[in-house]
Amino acid sequence: MLTNEMGISDCTHLFKSAYENRYTWESDFSGYEGRCSWTDGEREIKGSFCLGEDFKATVKEIDDEEIHKSISSQLWEVAIHRVRRSFEQTHGKNTFTFGDTNEIGLEIIVGGKNEGDRYRVKNDIITMVYRHIHGNLIIILTHDVIHTGNGYLSKSYSSQYLDPISKKDLKGKSIYKDSFIPLFKDGPWVLSSRSIHQESSEGSIINKEVFSFSELKSLSHKKG
């Protein structure tokens, strides 16, 4: 019994360490603005954007509704992962036990509130997320990261939606490559570019989109 308890304790400690090693923004994040562009290799659309301290994105100068929504979505999706929430806030109602180990990392099996979810951890990095979200099963595999000095950011990863019952692929695999830069010296790291390849279940590339963000400036100078 004691050995089992120690195992659970060690597992929780290992997962918590990797969770807290993710890069997140400080509580005084004030938002930023800049230029944005989207291209699929054939056409390019440019505009401007503002991401407020409330993490809401406003995109301007882009009339194409689908592209407008897509740029807003990328900015929001990146920002929401920068929100700092304590391990207890996110996982306080979960338990963790060790599973197997493979080339991706050591498996963390979740019990409690989010029973059925799984993670993998390697070198203090969460390398796999296997979560049930809004009726779907999503698998995210992280292949490469940036070390900011204050935590890591994923820069190469894939995501895939599966049917939670049959485990069949629903949308094909999306492959992401992200670049980040600090907004200013010792400032928050923000997204400067993102490419997304859509891969069919047969492995062929369906489409590719590239989002770019430039002339980035903090909104802090506008406060007061």
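The GluC sites (Glu not before Pro) of segment 23-103 meeting both criteria, a DSSP state outside H, G, I, E and B (loop) and at most 11 other C-beta atoms within 10 angstrom of the site's C-beta, are Glu26, Glu42, Glu103.
What net charge do the residues around Ile109 carry, taking every other residue with its C-beta under 11 Å from that of Ile109, with Lys and Arg at +1 and Asp and Glu at -1?
Numbers: positive: Arg118, Arg120; negative: Asp100, Glu107, Glu115, Asp117.
Here the count lands on -2.
Which of [x] 116; [y] 126; [z] 149 is the computed volume of the Cα convex hull per residue in Å³ for the structure on display? Structure-derived value, by its label: [z].
Less than 12 Å Cβ to Cβ from Asp100, Lys/Arg counted +1 and Asp/Glu -1: what total charge do the surrounding residues give? Could you put the intermediate results ahead of the total?
Details: positive: Arg118, Arg120; negative: Glu103, Glu107.
Charge balance near Asp100 sits at 0.
Local charge sum around Leu14 (other residues, Cβ-Cβ under 12 Å, Lys/Arg +1, Asp/Glu -1)?
On the way: positive: Lys16, Arg120, Lys122; negative: Asp10, Glu20, Glu107, Asp124.
Once positives and negatives cancel, what remains is -1.
Shown for segment 130-219: lysine pairs separated by 8 or more places, or found on different chains, whose C-alpha atoms are under 27 Å apart, numbering 18. Taking the longest Cα principal axis of the chain as reference, the axis of helix 65-80 is set at about 50 degrees.
Based on C-alpha pairs under 8 angstrom that are at least 6 apart in sequence, the chain has a relative contact order of 19 percent. Centre-to-centre separation between the Cα atoms of segment 54-81 and those of segment 160-205: 16 Å.
Bear in mind that the values in this text are calculations on the coordinates, not laboratory data. As the structure is a prediction and not an experimental result, all values here were calculated from the model. Please note: Cβ atoms are built from the backbone with ideal geometry, for glycine as well, and neighbour counts cover all protein chains shown.
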